[in-house]
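To start, the structure under review is shown below, and the notes come after it.
Nothing in this text is a laboratory measurement; each read-out follows from the coordinates by a stated rule. These figures come from a predicted structure and were not determined experimentally. Note: ideal-geometry Cβ built from the backbone for every residue, glycine included; neighbour counts use all protein chains shown.
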Amino acid sequence: MTQTKTDLHLAIDAQNLRRVYASAGREVVALDDLNLQIPVGKFVAVKGKSGSGKTTLLNCLGGLDSPTSGSILIQGRPIEKMSGTELTNWRQKEVGFIFQAFGLLPTLSAHENVELMLRIAGVPRAERNQRANEVLALVGLEKWSGQRPFEMSGGQQQRVAIARALAHRPNLILADEATGELDTQTSHELLDLLQTITKEENVTILLATHDGLVDEHVDEVMNLADGKLHS
């Protein structure tokens, strides 16, 4: 597919996205001809109730799930046309993921959790160490780099998860209920941090959430209901 000038200004361009599952002998429509365009360098929230299709949307945009039909361009690249190997390589270089449950390895320190992502991406050792230190400093955890997850608060663990998602310098970060396990004050702090990261790292962030606190932190809020987006 040939890139257009418009494509190059969009981090995400999903057209007529449809995802249908078979459940108990019937079809369940998770995404219903959904269209989504997000410019490069924006912090955008998709809000919706549980079961509204938020996680399905993120999984399709991150190449973890395949749409039943429709097209997905990420930075002008049609990811629905990629093979499994191509998607894996693309995710390792271009996409960062943040999850509600943090997903940190409990036996590794904060620094080691971050560095592991860079090791998987094939980054040389000296550069891995430097970059891990950089992103831990960015999220305010340079003094806690040697701590393991069980020695840290929930907010600190999520900051490690954010640092890990940033480590390989992705163009896009997909965050699924990133504040779901946090109290109100910590959620505000994490959302402030994501807002800052969007600007300082020149990264696009799409946050799927039901948290009303996001409204004052993001560039745009979209609502997802019955598989369709509403501004």
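A few remarks follow.
- One Cα centroid belongs to the range 132-173, the other to the range 180-212; the line between them spans 14 Å.
- Label-point gap, in nm, between D219 and R119 - each point 7 angstrom along Cα→Cβ: 3.5 nm
- Candidate lysines - alpha carbon under 21 Å from K47, same-chain residues fewer than 8 apart omitted: K228
- Percent RCO, i.e. relative contact order, over the range 5-230, from Cα pairs under 8 Å lying at least 6 residues apart: 30 percent
- Here the spin labels are modelled as points 7 Å beyond Cα on the Cα-Cβ line, and at N16 and K143 they lie 5.6 nm apart.
- Value of [θ]222 nm, deg cm²/dmol, for the chain, DSSP H segments ≥ 4, -39500 (n - 2.57) each, nearest 500: -10500 deg cm²/dmol
- Between K93 and E27, the FRET efficiency estimated from the beta carbon spacing at R0 = 35 angstrom works out to 0.50.
- Percent antiparallel among DSSP beta bridges (both partners in the range 5-230, rounded to 5): 50 percent
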